[in-house]
Structures are given as C-alpha cells and as structure tokens.
Amino acid sequence: MSEHSLGPHDPTLNPAPLSSDSVRTSASNPARSEGHTAASKCHCRRVACLLLLVIISFVPGYLLSTLRAERPLLRLSIDPSNYRSSETAPTTAIERIDGGKPRDLRIMKCPSMDGELDMPYYRNGDFFQRAIADSPAKPLMVYERAREVCDGPRSDELDPRQSSRSHWKHCLPLHPNRNQSECAAATRSSLLDPRLLKPVCASAVLDMLTIDVYRAMEEVGCQSMLTLGTALGAVRNGTHVPWTEDADLAYVTSSDTGPCVERKEFIDLLRSRGYFAFKHDIWRVCIGSHHPLAGQLYNIDTSIKKNKTRLCGVYGCIYVDLYAVSKAGGPRLGYSHEAHPNGLGFFIPSEKVFPAGSARLNGMAFATYHDVDWFLSSTYGKDYAKPKSRSQWTEDMKRNNLDDEHDLDS
C-alpha cells in the first residue's frame, strides 16, 4: 500500500494522539512536519471530491422532480400524426392558461370522408394530383374540443348560394406562414413533403387553390382569368404575393348566361375535390376538412388561442376570391369589374380585356387581361412593379378605390 493509500492504518484517517515528546520531535524535525501537512491537504481534497460526487448525483434528480412539479409552465410537444386509431388519442397536451393552471386537451382523429372525394380526378390528374392519390392520406387530428373542425362544409345548414358570413367557419382553419423571405418561392409541390414544417407557407397553399379552382372554372365553361393581386404577383414576380391570404380570379359573365360559379355543377365539382364554394358578398372558395391534404396542412398547435378554439373567421384563412367581369351597357363597350370586398368596382374598356392575354404563375400559364400592364397601373399605380409591403399595398388600394361609375381609362 502506498504512502497515501486509504486504509485502516492510514494515519490521515486515524491519527494517533500526540505526546509532548512527539510535538517536540516534530518541531525539531521540519521535514516530518511538512509531510504531515501534505497528508492533511490530500485528505481535504479527497473529502471535497466525495462531496462533489454527491452533489453531481443528487442535483439533477432534484431539478427534474422540481420541473415535473412545475409542469403547468411547460407545454408538451405532440406529433398527432403518430396516432392512427379512430379513437381519441391517449395523449394529452398541457398548455399554460387561466393563470398557469394546466388543462388537458385530448386529441382525436377526424372521421374519414374519402367517400366524398372524387379520387379518379386525383389518380388521373397531373403529377401533383397523382402524388396525392398514391400516398396514404395523413389523418386530420384535432383537439377534441375543436371537433367541429372535422365537419367542415357538411355542417353548413345554409345554401352556399345564400350570401352569409357564417359560411367562413366551415372552411379549414389555416393560419399560415406569410414570411416574405421564407415563402416567396413556395409552390404546391412543397405541400407533398412529409417533413413539411408548420405553419405552411400561404403562397404554397394558394398555388394549389388557384390551379384547382381555375381548372374547375374552365371545366364548367367559365371564361376565367387572373385579376387584382394574383395578376400583380404573376406579372411582377411570376409568383403569388407571399404575404397575402387570398388569390383573385375573374370570370366573364353576361345577362344571357348568368354567373357560371353559381351553378350547382361548379359547387359540387369543387366539393368533390375537397373544396368549399360559398357566397359572402362575392363568391369564394376555401379548403374543406375533407380535402386529401387537410391533415398535412392543418396545424394543431395554432388551433387554440386564448383558451378558445380557432375557426376560420371572415377573411381569416386561405381562400380564392371570384370576381364577376360583366358586360356593361351604355354608349361605350366595356366590362364592369365586381367590387373588391374592401373597395368598389370599376369599368374597363373592352379593348383592355379582350383578346385575353397570358401571364405565368409559378411556371404555369393563365389567362389575364389583354392589356394587363394598363390594368395593374390603373389599379395599383404606375410603380406596381416595385415590391411593396402589406401596409404600402393597403395605402395604394385606399388611394385608388374606384366607384362603379369610374372609368379606369379616364
């Protein structure tokens, strides 16, 4: 055993009583005194190390138990997509509400509504639709208290052709990312990625909505075209404006044919593809809870706010506005553009509308006004090609608001 080993005879642990002779001897022998001092220091170091080991072993467990005791301050992260059972998922989320008191929010899987979807449309569609048909649908998971989200348009007791604010709450409540730097180039293809981050980019959802609604309008004989903000984004950047929540499509109508979007054929066609067409001042289309990508798009983490279930409020989700461009009477030939919800309508000379022009949106060609540059300059100002923030755009709209009697050509 070495000189400083711990053992039963280690003088540092069991020091013998010092006699007066030994004291005198130590005093007369400095080397022996220094050895005793070194041994004492070594002993102190050993004790300190033992205390440190005890602290290291005890503190983490204590802190963990303390954090568990304070769990009203924590929010558990849940991936609802892991639950495939049709029953309520056996997991709870804890959120800080009511002054820090926890509340359990049970998660449930919405009933499947595959029978309401026209899957042959998806199987025989373009690459995007085929990818949807070939992939298992991610179930729509909601908090049990928000089960009305599952019902979507099915729970709307009003005729969609009856103008009402109440239609909005039957849209899938999406609260997307509208960050310009993150979403400027987002397209519908990004929605197929199973690793898709929530909230999804508004521009990606709008890309899907615009294509599907535009095609449905063509199928029922609507003469459709890009207008307002969607025409602006297409001409200026070739993309949707990233901070907006809606797309704008126009359809040409006359007193002889009537609005094509009011036909039951059009409403049912969109319904069979997962969308909901309804009227509130003007016609609009939103995503329904039965859409095959509803579970992929819906963000359960933003579905509760201030202890209230978040449904889609008026203008509060992602949607398409449909504007009637009607042949106008009078001495001049032209078209009356239906009013913007926050503004007024205007008159467009015929030669500015037809023959239709074309603009590309995320690489896809869409019809638009014959003189779209004139239209955008008249609507948004001659500097329309300069990217603007939402607040700047709002100011432009206020400055350029036009009434039904106003001629954009004047």
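Here, each number is a calculation from the coordinates, and none is a lab measurement. What you see is a predicted model; the values in this text were computed from it and never measured. Heads up, the Cβs are rebuilt from the backbone with ideal geometry, glycines too, and the neighbour counts pull from every protein chain shown.
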Checklist outcome for this item: Hull volume per residue for region 152-245, using the convex hull of the C-alpha atoms, in Å³ is 139
Item to check | Difference of contour (0.36 nm per residue) and Cα-Cα distance, E265 to D281 | outcome: 3.7 nm
Next on the checklist: Kirkwood Rh and Cα-based Rg: tell me the resulting Rg over Rh for region 140-179, rounded to two decimals.
Outcome noted: 1.04
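Between D371 and E219, take the C-beta separation as r, use R0 = 41 Å, and let me know the FRET efficiency to the nearest 0.05.
Between D371 and E219 the formula returns 0.90.
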Checklist entry - How high is the relative contact order of region 107-399, in percent, with contacts defined as C-alpha pairs under 8 Å that are six or more residues apart? => result 21
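In the P(r) worked out for region 107-399, what percent of Cα pairs fall beyond 23 Å?
54
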